Structure formats: structure tokens, C-alpha cells
Amino acid sequence: MRAFTADLPPRVAKSALAAVVNGEMVDLSFALEADATLRLVTPDAPEALDLYRHSTAHLMAAAVTALFPGTQCGIGPSTDDGFFYDFVVARPFVPEDLVAIEAKMREIAKGDIPYERRMMPKAEAMRLFEARGEPLKVQLIDEKGGPVVSCYTIADLFVDFCLGPHVPSTGRLKAFKLLSASNAYWKGDAANQPMQRIYGTAFFSKKLMDAHLARIEEARKRDHRRIGKDLDLFSFHDEGPGFAFFHPNGMIILNEILDFWRAVHRDAGYVEVRTPIILSESLWHRSGHWDNYREAMYFTEIDEGRFAVKPMNCPGGLLIYLNQPHSYRDLPIRMAELGLVHRHEKSGVLHGLLRVRQFTQDDAHIFCLPEQLRDEVIGVIDITDRIYKAFGFEDVRVELATRPEKSIGTAEMWAHATGALEQALEARGIKYKINAGEGAFYAPKIEYHIRDCLGRSWQCGTIQVDMAMPERFDLAYVGADNAPHRPAMVHRAILGSIERFLGILIEHYGGDFPLWLSPVQVAVLPVSDRFNDYAGRTVQAIKAGGLRVTLDHSSDKVSAKIRRASLGKTPYMLILGEKEAAAGTVSVRDRTLGDLGVETLEGFLGRATQEIREKKLRPKAAGSA
């Protein structure tokens, strides 16, 4: 019996990283014992980058244990953007440590040391790691290991309990970079052992890695928390952890988003409702949220009764439907709600506007005849497409999540609901991926993932067809046969969390909002105090035209005023000097494109108003993301 790689041509063996044998990825040293289907994993294979990054995580752990004797190792998986590894060390890592660790990684990589797999009885493996002072590994082997366990070594530098596979040797790892270190906990539980996590990334070429690092740097510049502070949009305070405080500039953007959202929904035949934030505990038992969601809910008492702060809006919409009888002629009923919800997120996952404890869902609940489901879902797909395009999101991925293991309702209900979603997607010619078992506990769902200017994917919209909740709440309508029937229900959100969507927008635009969203749309900049009167009249005319405007009447030079307006991301600057005052004109400067020339104020206002009405995106500077 011999490794199949012994018979590979040298050029093929040099590029191969692993192999897939009978559908399972294995090391190149794997020995074939019988005929099998075989596919080599080369750098262009779909599995290759995860394999490469997992091996780089092991390389990093070998460097850490070499430089910091007594280190305990946790886990070190690959991630979407790279890899990490958790360690128990005597002190937190500092930036200088990362430089030293990366240098040691390069030294080990240069040695081209094989990744060797060792199979050993479980008890022997536990004794090995116990002798090495690695109690966390002993715990993992005890919990996850079978009678015989798999371990990987990098010479005598490092040994890890790992299923593998790995690249053949450290010399295959060429382009990697350590990025940061942070606090972590064993198994992600704050009650467990504190650890230090080192993040890194790895690619098959330095060119690809440099491009990724450039995207990371651009993302840092676009961080919505920094831009939010610079533009005075929102803040967070210890007195309300996880709760955003929106400032006047932030409210302007939020209200513009919501005004647009309301207009789209009016056009689509929706009516707007509002339901209470606090509802009785019994309602949440009835809806099923108590059994499936209570760990994320807040509770209180009113008049000695138990109540819950709503994490979702749907039970309130159901109560509105139940408030009066309905005929089949009334359906569909499309109820939209900008509902404020609260969810108890752990403090460690809070992240600016992207992960908060209080947020507004752009919710809607559609009550319809079962035979109307397909068309109602198509209607939601159409307005979702309209809304995303208005914000500049053209690259959208769609997934269909099906029944999870923990769910309510019958198999027939789930089949009907899933079928309606599939039919609507196919009617619109939308390609989609199936996420088996990832639906909500009460309904299958379509999920929308939008891609921003940096190529990052954000899950925002959902469309859920629910046959179970109408059953639990005994919803009914009177049919043409004058008998009661059960309606179907569609839950849907397009932006998802308004607060989170704003955070995504800030980073997507880099704070350079389209004119219709900009808190300040025009800055009037007189070149000296002599033209302040003309500037004042210009400001009044712009306000009368419906635009948001500021006047910089400071005694600074006009170059300083332009810089100040540019830093504030103001789209247009009107520069007023002697020629403009004499002719009754304005000199227009676009923040991105620079000077646009002189025109009448009426001409500028007409053009700007059209830009707002058409919700045009801002032009991009040369070389921008």
C-alpha cells in the first residue's frame, strides 16, 4: 500500500495541495487501499483557500508556542477572510509580538517542514496533551474524539488535535499576514478561560493578499462609527449600552429613508399600522416566541402581570387582523409597520449600528387567500428590487431557507409555504441557493444578501410565508361559500433593521451620501464679508427651493471654507464673489468633481431638485472604490 502521490508527475505534485477521495478531502499522503474516485485539490479548487488558511493557522500556532513557552492552544479555524487561533498566554499580545510571530512563521515556512498526520488511541492522545500542559486539548479530545484520534505535527515544534487535512508542508504557505489580537474566551463563553485571539489572513499570492489588505484599510476608513462621529450622526453612551442616540444630522438621513420607504409602500397598496412595544407574556406563548426566542427577550411586570418587550412585530399585527371580521373580498390586506423592537444581545457582539439592542424593523404582514400567495410574494420581490436599486445595490444574492429541525406547523403547511416562495422566485427568473434547515421556526424564507462597494455581503431582506401563525391565532375570513377559511400570512422586511441598514449605507458611501440623503446638501461660501448679504439672500432662495443649506460666513479664506465643507461631505458648494454678486449667479463646486462653472441660481436649483427627485447616486472620484 502506498500514497497515490508517488505516481503523480512532478509538475502536478508540485501544485497539488490535497485530494478528494470518494467525496472526502484527504492529505496527499493518504494511502489508497482500493479503487476510488479521485480529484486533486489545486489552488483553483473551491476547497483550496480554506485548506490553505487552516494550515496557516497551524503555522501561526507553531510560531507562538516556539516564542512563548508554556502557551496553551485552543482552536484555530479558517474564516471567510482568513483565520484565527486562540491561546492562553501569560499576558496579552502587543503589536510587537505580532511582528515577531509573523517573522517566526516565515522562518518555519522557509524550512518546508511536512504536516504529518498521526493516528493514536484516544487515551494515548489525552496523555500526550496532558504531558504537554494542554488541558483544553485534553477536554476537546474527551468531548469529540473517537476511539482513535487524528493529530497533526510540524516536526517537534507543534502538535494539534485536528481532523485535517493540511497542505503537504509549510513551504507551500507563501502569502500571509497577521492583522490583530483581541480578547476571547474558551468556547466563546465569558464564564470560561480567558484567551487571546490572533487574527490573520492568507492567500495564494502576494498580489491577492495586498488587494485584500487594501480593502481592509478602505473598510477602516469607511467605518460607520468613525464617520458617524465625524458627521455628527449618532452616538452611544454607557447609560444605554447597545442603544443608539441619533443626532439631528442622523435623523435627517433616517427620515429621508423612511419617507422614501413609505412612498414605495403607498404605491404598492400597503396601509401603515403601529403596535405596542410591550405585550403580555401570554401572547408570546401563543405565538411560539416564548419557546423559541425568550433568551433574547426583555421582561417586565405591569399590574402584577408578566409582560415582554417585543423582539418582533408579528403578534401585534395578528391582533389587529383579529379585531374585526374579514371577507375574502377584503384580502389581501398589506399592513406595514416601522416597529421598534428590542433584543438582548451579548455585550461582546455589539458593534455600532450593525449590532444593537434596540432597532426599527421595516416590517409588513400580508394576510391573503392561500391562492394569492405566489402573486403577493412576487409583489414583495418587486418592491425589494426597487428599494435596493434606489440605494445603489445592484449586486444582490438570493437564498431560500427551508424548515429547521425546531419548528411549528405541519409538513403540509411547510410544503405549501415553501412552494409559494419557489414559484415566485422562478416567476421572476431569480437564481437562488437552498439553505436547508435554516428557516425561521414558523416559516420558510427568502433571504436577500446585498454586496457593498468593497465586495462585502450583508443579509438584509427576508420574505416568509407563514401557514402556522394564522392557525395558532385562529385567523379566519368568510369565503365566497359563506363559510370560514384560514388565510395565509406573509412576513417581510426589506431593509431589515433601519439602524443596521444606515450603518451599511454609511460604509458603502463612505459618508458621501447621495444628494437626497445628505444632511447638508449645499454650502454657500462667500469669498469675503462684502458678499454676506448676497449670500444670505441666496440661502433663503435655496431654502425656499426645498434644499438643506448652510452659510459659512466666517472670515476664513475661501480655500479653508471649501476644505471644511468637503470634510463635512457636503455635495455642492456655491462660491460667491464679486462677479457672482454683480451678475446674480453662483459658482458651483461639486465635492467630487470639482468646479462645474458659473450658472444662475435657478438653473442650479432645477438641476439639484431633479437629482433629488431621481435619487441619483453621487459621481465617484477617479480611482475610488
Here FRET efficiency (C-beta to C-beta, A268 to S182, R₀ 45 Å, nearest 0.05) is 0.50
Among W458, W414, what is the fewest-to-most ranking by other Cβ atoms within 10 Å?
-> W458, W414
Taking the Cα centre of the chain as origin and charging only Cβ (+1 Lys, Arg; -1 Asp, Glu), how large is the dipole, in debye to the nearest 20?
-> 1520 debye
Reachable lysines, given that their alpha-carbon falls under 27 Å from the alpha-carbon of K187 and they are not under 8 places away in the same chain | K122, K137, K144, K177, K346, K406
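How large is the dipole of region 48-221 about the Cα centre if only Lys and Arg carry +1 and Asp and Glu carry -1, each at its Cβ, rounded to the nearest 20 debye? Can you show the working numbers first?
On the way: 22 positive and 21 negative charges, 65 e Å.
Value, rounded to 20: 320 debye.
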If the label point sits 7 Å along Cα→Cβ of S554, residues of region 570-597 with amide N under 18 Å come out as 570-576
Which is farthest toward the positive dipole end of the chain among G546, V380, M413, measuring Cα position about the Cα centre, with Cβ charges +1 (Lys, Arg) and -1 (Asp, Glu)?
-> G546
Hey, fewest Cβ within 10 Å first, where do E24, E130 land in order?
-> E24, E130
Rounded FRET efficiency, nearest 0.05, which uses the C-beta distance separating K122 from A31 and R0 of 22 Å = 0.50
What share of the DSSP beta bridges in the chain is antiparallel, in percent to the nearest 5?
-> 85 percent
Hypothetical label at L350: residues of region 231-255 whose amide nitrogen lies under 12 Å (7 Å Cα-Cβ projection) | 236-245
Go through Q139, V167, L208 and say which Cα lies farthest out towards the positive end of the charge dipole of region 48-221; charges sit on Cβ, +1 for Lys and Arg, -1 for Asp and Glu.
-> L208
Which of I252, G496, G455 sits closest to the plus end of the dipole of region 234-509, meaning its Cα is farthest towards the positive end, when Lys and Arg get +1 and Asp and Glu get -1 on the C-beta?
-> G455
Net lengthening on full extension, R294/R215 (0.36 nm per residue, minus Cα-Cα) | 24.6 nm
So the compactness index of region 166-251, its C-alpha Rg divided by 2.2 N^0.38 Å, takes the value 1.59
Exposure-ranked with fewest Cβ neighbours within 10 Å first, V94, V159, V396 stand as V94, V396, V159
Eligible lysines near K569 by straight Cα distance, threshold 21 Å, same-chain separation 8 or greater | K221, K229, K543, K557, K561, K615, K616, K620
Working from Cα positions, state the angle (0 to 90°, nearest 10) between the long axis of helix 206-221 and the longest principal axis of the chain.
-> 40 degrees
For K144 paired with D156, estimate the spin-label separation in nm (one decimal), with each label point 7 Å from Cα along the Cα-to-Cβ line.
-> 2.8 nm
Pull out the extension gain between D189 and I430, defined as 0.36 nm times the separation in residues minus the alpha carbon to alpha carbon distance; nm, one decimal.
-> 82.7 nm
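Each value in this text was obtained by applying a stated rule to the coordinates, not by laboratory testing. Here the structure is a predicted model, which means the values were calculated and not measured. As a convention, Cβ positions derive from the backbone with ideal geometry for all residues, glycine included, and neighbour counts pool all protein chains shown.
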